[in-house]
Amino acid sequence: MFSEKNGKNTGSKYKMPRFTLVMTILILLVLGCGENKETIQKVESADQNPATPEGKEKLFEDIINLAMDHLRYKDKSYIYELEFPYYREENTFDKFLEHGKIRGAQADTLEFVDIVKLSMYEPDSAVAHVEVHFKGPTGEETIFKGDSLTFYWYAGEWIRPTVSTYDAQRQLDEIRQRADSAAQAEEEELGR
(Lines give C-alpha, C1' and ligand atoms only; values in the text may rest on other atoms or scores of the structure.)
Protein backbone atom coordinates (compact mmCIF):
# COMPACT_ATOMS: atom_id res chain seq x y z
CA MET A 1 0.00 0.00 0.00
CA PHE A 2 1.15 3.54 -0.66
CA SER A 3 0.46 6.56 1.45
CA GLU A 4 -1.05 9.34 -0.62
CA LYS A 5 0.50 11.85 1.73
CA ASN A 6 4.14 11.24 0.91
CA GLY A 7 4.08 8.47 -1.71
CA LYS A 8 5.92 5.96 0.47
CA ASN A 9 5.12 2.28 0.79
CA THR A 10 3.27 1.78 4.10
CA GLY A 11 2.38 -1.89 3.61
CA SER A 12 4.26 -5.07 4.23
CA LYS A 13 7.68 -5.52 2.63
CA TYR A 14 6.54 -8.87 1.25
CA LYS A 15 3.88 -8.82 -1.43
CA MET A 16 2.17 -12.02 -2.48
CA PRO A 17 1.43 -12.10 -6.21
CA ARG A 18 -2.30 -11.60 -6.82
CA PHE A 19 -2.66 -14.94 -8.67
CA THR A 20 -1.07 -16.85 -5.76
CA LEU A 21 -3.32 -15.08 -3.26
CA VAL A 22 -6.47 -15.85 -5.24
CA MET A 23 -5.49 -19.50 -5.73
CA THR A 24 -4.69 -19.89 -2.02
CA ILE A 25 -8.10 -18.51 -1.05
CA LEU A 26 -9.85 -20.78 -3.57
CA ILE A 27 -8.02 -23.85 -2.30
CA LEU A 28 -8.92 -23.03 1.29
CA LEU A 29 -12.57 -22.54 0.32
CA VAL A 30 -12.67 -25.83 -1.56
CA LEU A 31 -11.07 -27.68 1.33
CA GLY A 32 -13.41 -26.04 3.82
CA CYS A 33 -16.64 -26.50 1.84
CA GLY A 34 -15.91 -29.76 0.07
CA GLU A 35 -16.67 -32.07 2.97
CA ASN A 36 -16.91 -35.73 2.11
CA LYS A 37 -20.45 -37.07 2.49
CA GLU A 38 -19.20 -40.32 4.05
CA THR A 39 -17.20 -38.39 6.64
CA ILE A 40 -20.23 -36.25 7.46
CA GLN A 41 -22.42 -39.31 7.96
CA LYS A 42 -19.82 -41.02 10.19
CA VAL A 43 -19.61 -37.91 12.37
CA GLU A 44 -23.39 -37.67 12.57
CA SER A 45 -23.81 -41.31 13.54
CA ALA A 46 -21.13 -40.95 16.21
CA ASP A 47 -22.91 -37.92 17.70
CA GLN A 48 -26.37 -39.43 18.04
CA ASN A 49 -28.22 -42.68 18.24
CA PRO A 50 -30.42 -42.93 15.12
CA ALA A 51 -32.40 -45.74 16.76
CA THR A 52 -34.16 -43.24 19.04
CA PRO A 53 -36.81 -40.82 17.76
CA GLU A 54 -34.67 -37.89 18.94
CA GLY A 55 -31.63 -39.32 17.17
CA LYS A 56 -33.53 -39.70 13.88
CA GLU A 57 -34.89 -36.18 14.19
CA LYS A 58 -31.37 -34.86 14.81
CA LEU A 59 -30.03 -36.86 11.84
CA PHE A 60 -32.61 -35.34 9.47
CA GLU A 61 -32.04 -31.84 10.87
CA ASP A 62 -28.32 -32.28 10.28
CA ILE A 63 -28.91 -33.34 6.65
CA ILE A 64 -31.21 -30.38 5.99
CA ASN A 65 -29.04 -27.81 7.73
CA LEU A 66 -25.85 -29.09 6.10
CA ALA A 67 -27.53 -28.74 2.71
CA MET A 68 -28.59 -25.19 3.62
CA ASP A 69 -25.07 -24.35 4.82
CA HIS A 70 -23.64 -25.47 1.49
CA LEU A 71 -26.35 -23.57 -0.37
CA ARG A 72 -25.60 -20.42 1.64
CA TYR A 73 -22.08 -20.56 0.15
CA LYS A 74 -23.54 -21.16 -3.33
CA ASP A 75 -22.33 -24.78 -3.26
CA LYS A 76 -25.05 -27.02 -4.65
CA SER A 77 -22.96 -30.20 -4.83
CA TYR A 78 -24.29 -31.62 -1.54
CA ILE A 79 -27.87 -31.18 -2.77
CA TYR A 80 -26.88 -33.08 -5.94
CA GLU A 81 -25.51 -35.91 -3.78
CA LEU A 82 -28.92 -36.17 -2.07
CA GLU A 83 -30.61 -37.09 -5.37
CA PHE A 84 -31.48 -40.66 -6.31
CA PRO A 85 -28.67 -42.52 -8.15
CA TYR A 86 -30.63 -42.85 -11.42
CA TYR A 87 -30.76 -39.07 -11.69
CA ARG A 88 -27.04 -38.64 -11.09
CA GLU A 89 -26.32 -41.36 -13.69
CA GLU A 90 -28.48 -39.60 -16.28
CA ASN A 91 -27.58 -35.98 -15.48
CA THR A 92 -24.25 -34.34 -14.93
CA PHE A 93 -23.80 -31.85 -12.11
CA ASP A 94 -23.81 -29.02 -14.68
CA LYS A 95 -27.16 -30.21 -16.06
CA PHE A 96 -28.50 -30.41 -12.48
CA LEU A 97 -27.54 -26.76 -11.94
CA GLU A 98 -29.68 -25.79 -14.95
CA HIS A 99 -32.87 -27.27 -13.43
CA GLY A 100 -35.37 -24.54 -12.50
CA LYS A 101 -35.68 -25.59 -8.84
CA ILE A 102 -31.91 -25.64 -8.46
CA ARG A 103 -31.03 -22.57 -10.52
CA GLY A 104 -33.08 -20.31 -8.24
CA ALA A 105 -32.19 -22.06 -4.98
CA GLN A 106 -30.54 -19.86 -2.40
CA ALA A 107 -30.31 -19.70 1.36
CA ASP A 108 -28.60 -16.40 2.10
CA THR A 109 -31.05 -15.27 4.83
CA LEU A 110 -31.89 -18.76 6.09
CA GLU A 111 -30.60 -19.32 9.62
CA PHE A 112 -31.64 -22.95 10.23
CA VAL A 113 -34.40 -25.52 9.81
CA ASP A 114 -36.03 -27.08 12.84
CA ILE A 115 -38.05 -30.32 12.73
CA VAL A 116 -41.21 -29.98 14.78
CA LYS A 117 -42.65 -33.41 13.96
CA LEU A 118 -41.16 -36.48 12.32
CA SER A 119 -43.35 -39.20 10.81
CA MET A 120 -41.48 -42.43 10.05
CA TYR A 121 -42.84 -44.78 7.39
CA GLU A 122 -40.66 -47.81 8.00
CA PRO A 123 -38.59 -49.08 6.44
CA ASP A 124 -37.96 -46.65 3.60
CA SER A 125 -39.29 -43.14 4.11
CA ALA A 126 -39.92 -40.34 6.57
CA VAL A 127 -41.68 -36.99 6.47
CA ALA A 128 -40.23 -34.13 8.49
CA HIS A 129 -42.60 -31.29 9.31
CA VAL A 130 -40.37 -28.24 9.65
CA GLU A 131 -40.12 -24.63 10.65
CA VAL A 132 -37.73 -22.59 8.54
CA HIS A 133 -36.02 -19.73 10.38
CA PHE A 134 -34.86 -16.67 8.44
CA LYS A 135 -33.09 -13.52 9.52
CA GLY A 136 -33.39 -10.57 7.17
CA PRO A 137 -30.87 -7.81 6.55
CA THR A 138 -32.50 -5.69 9.27
CA GLY A 139 -32.05 -8.49 11.80
CA GLU A 140 -35.76 -9.27 11.92
CA GLU A 141 -36.49 -12.97 12.32
CA THR A 142 -39.19 -14.73 10.31
CA ILE A 143 -40.37 -18.30 10.76
CA PHE A 144 -42.20 -20.20 8.01
CA LYS A 145 -44.27 -23.04 9.43
CA GLY A 146 -46.07 -25.93 7.81
CA ASP A 147 -43.50 -27.10 5.25
CA SER A 148 -42.74 -30.80 5.05
CA LEU A 149 -39.78 -32.63 3.55
CA THR A 150 -39.75 -36.27 2.49
CA PHE A 151 -36.65 -38.40 3.05
CA TYR A 152 -35.99 -41.84 1.58
CA TRP A 153 -33.81 -44.69 2.82
CA TYR A 154 -31.92 -45.86 -0.23
CA ALA A 155 -28.71 -47.87 -0.62
CA GLY A 156 -27.93 -47.68 3.10
CA GLU A 157 -28.42 -43.95 3.63
CA TRP A 158 -31.13 -41.32 4.05
CA ILE A 159 -31.46 -38.95 1.10
CA ARG A 160 -33.58 -35.88 0.45
CA PRO A 161 -34.05 -35.55 -3.32
CA THR A 162 -35.08 -32.22 -4.79
CA VAL A 163 -35.72 -33.10 -8.45
CA SER A 164 -35.49 -36.91 -8.69
CA THR A 165 -38.34 -39.21 -7.70
CA TYR A 166 -38.70 -42.45 -5.79
CA ASP A 167 -40.97 -43.94 -8.49
CA ALA A 168 -38.41 -43.40 -11.25
CA GLN A 169 -35.66 -45.00 -9.13
CA ARG A 170 -37.95 -47.94 -8.25
CA GLN A 171 -38.81 -48.51 -11.94
CA LEU A 172 -35.12 -48.52 -12.92
CA ASP A 173 -34.30 -50.91 -10.05
CA GLU A 174 -37.07 -53.29 -11.21
CA ILE A 175 -35.78 -53.23 -14.80
CA ARG A 176 -32.23 -53.95 -13.61
CA GLN A 177 -33.43 -56.74 -11.34
CA ARG A 178 -35.36 -58.40 -14.22
CA ALA A 179 -32.31 -58.08 -16.48
CA ASP A 180 -30.04 -59.59 -13.80
CA SER A 181 -32.50 -62.47 -13.25
CA ALA A 182 -32.73 -63.13 -16.99
CA ALA A 183 -28.92 -63.13 -17.31
CA GLN A 184 -28.58 -65.50 -14.36
CA ALA A 185 -31.25 -67.84 -15.79
CA GLU A 186 -29.44 -67.85 -19.15
CA GLU A 187 -26.14 -68.71 -17.46
CA GLU A 188 -27.76 -71.58 -15.56
CA GLU A 189 -29.40 -72.85 -18.74
CA LEU A 190 -26.08 -72.86 -20.55
CA GLY A 191 -24.50 -74.66 -17.61
CA ARG A 192 -21.96 -72.02 -16.70
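The values are calculated or read from the model by the stated rules, or taken from the named source; none is laboratory data. Predicted, not measured: the structure shown is a model, and the values here were computed from it. Using ideal geometry, Cβ is built from the backbone for each residue, glycine included, and neighbour counts are taken over all protein chains shown. We work out accessible area using only protein heavy atoms, side chains counted, and drop any ligands, DNA or RNA first. Shrake-Rupley method; radii C 1.70, N 1.55, O 1.52, S 1.80 Å.
Is at least one residue of the range 91-99 touching a residue at least 24 places away in the same chain (Cβ under 8 Å) and open to solvent by 50 Å² or more (accessible area, probe 1.4 Å)? Yes - at least one qualifying residue is present in the range 91-99.
Pairs are defined by a Cβ separation below 9 Å, a sequence spacing of at least 6 or placement on different chains, a first member in the range 168-192 that is open to solvent by 70 Å² or more (accessible area, probe 1.4 Å), and a second member that is in a helix (DSSP H, G or I); the pairs so defined are Q171/Y86; R192/E186.
Quick grid of which residues meet (1) among the β-branched types (V, I, T); (2) open to solvent by 30 Å² or more (accessible area, probe 1.4 Å); (3) farther than 14 Å from F60 by Cβ:
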position: P123; (1), (2), (3): no, yes, yes
position: A128; (1), (2), (3): no, no, no
position: F134; (1), (2), (3): no, yes, yes
position: P137; (1), (2), (3): no, yes, yes
position: E140; (1), (2), (3): no, yes, yes
position: G146; (1), (2), (3): no, yes, yes
position: T150; (1), (2), (3): yes, yes, no
position: A155; (1), (2), (3): no, yes, yes
position: S164; (1), (2), (3): no, no, yes
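Just to confirm my filter: which helices (runs of 4 or more DSSP H) fall fully inside the range 78-192 and include at least 1 residues that are within 28 Å of G55 (Cα to Cα), out of contact with any strand residue (DSSP E or B) (no Cβ under 9 Å at 6 or more places or on another chain) and modelled with pLDDT under 95? Full working, then the answer.
Values: elements: 85-90, 93-98, 100-103, 166-189.
Result: 166-189.
Collect the residues in the range 105-160 that are of a type in the set (V, I, T) and without any contact (Cβ under 8 Å) to a residue 60 or more places away in the chain, keeping them in residue-number order. Full working, then the answer.
The initial filter retains those residues of the range 105-160 that are of a type in the set (V, I, T), namely 109, 113, 115-116, 127, 130, 132, 138, 142-143, 150, 159.
T109, V113, I115, V116, V127, V132, T138, T142, I143, T150, listed by residue number.
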